[in-house]
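*Asks:* Mind looking over this structure? Questions follow.
The values are calculated or read from the model by the stated rules, or taken from the named source; none is laboratory data. Remember, predicted model here, so these are calculated numbers, not experimental data. Heads up, the Cβs are rebuilt from the backbone with ideal geometry, glycines too, and the neighbour counts pull from every protein chain shown. Only protein heavy atoms, including side chains, enter the accessible area calculation; ligands, DNA and RNA are left aside. Shrake-Rupley method; radii C 1.70, N 1.55, O 1.52, S 1.80 Å.
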Amino acid sequence: PERIYNVCIIAHVDHGKTSLTDALLSSNSIISRKMTGKLKYLDFREDEQEREITMKSSSIALLAPLLNTPEGVKDYCLVNLIDSPGHVDFAFEVVSGLRICDGAVVVVDVVEGIASQTINLMRKAVDEDIKCVLLLNKIDRLINIVSFSPEEVYVQLNSIIETANASMDIFIRARIQKLIDEDPSLDKEALEEKYELTDYFSVHKDNVAFGSAVDGWGFRPSDMARIYAAKWKMKYEALKQFFWGEYYLNFKEKKIKTKDESGKLKTIFVQYALEPIFTVYRALRDNDVEMLEKVIKALNINIKFDEKMLRSQQKQNLVVELFYQWLPIDKVIFSVIQ
């Protein structure tokens with residue numbers, strides 16, 4: 001039983017729940033990675049396919065690699081995943097799903113931000129005492145369609161996390177007051193401390209992830225820190241706390257600073273997490289074969305392509321395969337669930 005996780009994916013309509021589910025299904029070879037976001041496997045009803053929205057909660061059982069196993073040992077846990085509707089008319093379906101779950105993945109479209117239905121669903125999750133994790137989805141749209149710079153993307157991501165926590169704060173305080181009304185002997189400060197540790201969204205608590213479900217990639221800053229800790233020969237535990245926030249790395253002095261006196265440095269998250277992703281998307285946009293080859297070599301990715309592929313319908317398949325080998329979204333979501 002301790003290896004079984006019942007998880008509901010909740011979000012406003014069209015924020016990417018079913019595309020995320022497709023990405024997780026592809027990790028179990030139920031569907032092809034090429035069909036992520038196109039097939040919408042769990043929208044199997046005829047009316048859902050006609051309207052192109054999820055109307056009824058549907059579930060599927062997936063195997064996920066178990067974390068914290070001894071080195072060399074590969075073991076698994078079971079994730080019962082529920083894809084729920086995002087449209088306000090089907091909110092009762094979401095409540096039914098939440099009541100049989102241990103946790104919920106809140107998916108937010110980073111272009112639209114926190115929508116009204118997202119807030120309603122977070123309220124329901126808190127009322128049911130369901131632990132939530134946050135996925136900021138569709139970052140590819142900020143890059144390719146909105147044309148944000150890496151610094152603007154960071155500001156947008158930070159703003160959404162703050163907005164989500166402002167709403168969670170209201171719901172959590174209402175929940176605490178309700179518990180105290182039911183049992184006056186409860187310690188209010190102890191309850192506040194408990195909820196602060198578990199229910200608010202924080203990058204440093206590893207319950208916030210960033211990604212693009214349709215392109216098959218996702219990461220947490222701690223995941224990027226693990227990659228660079230090995231590359232820079234630094235201690236992972238020391239580095240991961242600086243991968244989000246106003247921290248700057250001065251390579252010449254080999255020091256991490258909280259202020260940039262020169263005005264030329266970029267934050268660690270912007271320079272080492274976002275900019276490599278921007279480089280890939282720009283190379284794909286410009287059909288820059290040389291730059292793509294450099295990126296693939298630097299990332300040690302085993303993938304073959306040519307300029308003809310970049311100018312054909314196979315381009316999206318190349319995007320998904322490249323990002324999946326580098327930053328697979330299923331690995332991040334299964335990690336954050338556990």
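*Asks:* Starting from a Cα-only point model with no solvent, please compute log10 I(q)/I(0) by Debye for region 269-338 at q = 0.12, 0.23 1/Å.
*Replies:* Debye intensities relative to I(0), on a log10 scale: -0.34, -1.07.
*Asks:* What do you get when you divide the Cα radius of gyration of region 181-326 by 2.2 N^0.38 Å, with N the number of residues?
*Replies:* 1.39
*Asks:* Right, another one. Given the -39500 (n - 2.57) contribution per DSSP H run of 4+ residues, what per-residue ellipticity at 222 nm results for the chain, rounded to the nearest 500 deg cm²/dmol?
*Replies:* Here the helix-only value at 222 nm equals -13500 deg cm²/dmol.
*Asks:* Right, here's the next one. Find the centroid of the Cα atoms in region 249-303 and in region 118-152, then give the distance between the two in whole Å.
*Replies:* 24
*Asks:* Under the Karplus relation 6.51 cos²θ - 1.76 cosθ + 1.60, θ = phi - 60°, what is the ordered set of whole-Hz ³J(HN,Hα) values for region 212-223, x standing for Gly and Pro?
*Replies:* Listing the rounded values in order: 9, 4, 5, 9, x, 10, x, 7, 10, x, 5, 5 Hz.
*Asks:* Taking every alpha carbon pair in region 217-289, what does the distance histogram look like in 10 angstrom bins from 0, in percent?
*Replies:* 18, 47, 27, 8
*Asks:* Separate question: Normalise the Debye intensity by I(0) for the chain, one equal point scatterer per Cα, no solvent, then take log10 at q = 0.09, 0.11, 0.12 Å⁻¹ and round to two decimals.
*Replies:* -0.51, -0.76, -0.91
*Asks:* Highest first, please rank the peptides 131-144, 247-260, 15-28 by the mean number of other Cβ atoms sitting within 10 Å of their residues.
*Replies:* Result, highest mean first: 15-28, 131-144, 247-260.
*Asks:* Kindly write out, for region 174-188 in residue order, the coupling ³J(HN,Hα) from the Karplus curve 6.51 cos²θ - 1.76 cosθ + 1.60 (θ = phi - 60°), rounded to whole Hz, with x marking Gly and Pro.
*Replies:* Per-residue couplings from phi come out as 5, 5, 4, 4, 5, 5, 5, 4, 6, 9, x, 6, 5, 8, 4 Hz.
*Asks:* If R0 is 25 Å, what FRET efficiency do you get for Lys264 and Arg141 from their C-beta distance, rounded to 0.05?
*Replies:* About 0.30, to the nearest 0.05.
*Asks:* Divide the volume of the convex hull of the Cα atoms of region 107-237 by its number of residues and quote the answer in cubic angstrom per residue.
*Replies:* So the per-residue hull volume is 125 Å³.
*Asks:* Only bridges with both residues in the chain count here: give the DSSP antiparallel percent, nearest 5.
*Replies:* Here the antiparallel bridges make up roughly 45 percent for the chain.
*Asks:* What length, rounded to one decimal in nm, is gained on full extension from Lys297 through to Leu67, with 0.36 nm per residue of separation minus their alpha-carbon distance?
*Replies:* 79.9 nm
*Asks:* Kindly report the accessible area of the chain per residue (heavy atoms of protein chains, probe 1.4 Å, no ligands, DNA or RNA), in Å².
*Replies:* Roughly 51 Å² per residue, with all protein chains present.
*Asks:* For region 112-123, just list the computed ³J(HN,Hα) in residue order, Karplus coefficients 6.51, -1.76 and 1.60, θ = phi - 60°, integers in Hz, with x standing in for Gly and Pro.
*Replies:* So the J values, rounded to whole Hz, are 7, x, 6, 8, 4, 5, 4, 4, 4, 5, 5, 4.
*Asks:* Taking every pair of Cα atoms in region 189-244, average 1/r, invert it to obtain the Kirkwood radius, and report Rg/Rh to two decimals.
*Replies:* In region 189-244, Rg relative to Rh is 1.11.
*Asks:* Identify the residues of region 189-203 with backbone N under 18 Å of a label point that sits 7 angstrom from the Cα of Gln241 along the Cα-to-Cβ direction, or state none.
*Replies:* 197, 202-203
*Asks:* Under a cut-off of 19 Å between alpha-carbon atoms, report the lysines in cross-link reach of Lys131, not counting same-chain residues fewer than 8 places apart.
*Replies:* Partners found: Lys17, Lys178, Lys194, Lys205.
*Asks:* Give me, ordered by chain and number, the residues 5 or more places off Leu62 or on other chains with an amide H under 5 Å from its own placed amide H.
*Replies:* Val79, Asn80, Leu81
*Asks:* Lys/Arg Cβ at +1, Asp/Glu Cβ at -1, dipole of region 108-197 taken about the Cα centre: which of Leu179, Ala125, Asn165 is farthest positive-ward?
*Replies:* The residue sitting farthest along the positive end of the dipole is Ala125.
*Asks:* Based on Cα coordinates alone, diagonalise the gyration tensor for region 105-149, multiply each eigenvalue by 5, take square roots, and list the semi-axes in whole Å, largest first.
*Replies:* 26, 10, 5
*Asks:* Keeping the other protein chains in place, figure out the carbon and sulfur percent of the accessible area of the chain, with a 1.4 Å probe.
*Replies:* On the chain, the fraction of accessible area on carbon and sulfur atoms equals 50 percent.
*Asks:* I'd like the Kirkwood hydrodynamic radius of region 159-202, using the inverse of the mean 1/r over distinct C-alpha pairs, in Å.
*Replies:* After inverting the pairwise mean of 1/r, the radius is 11.0 Å.
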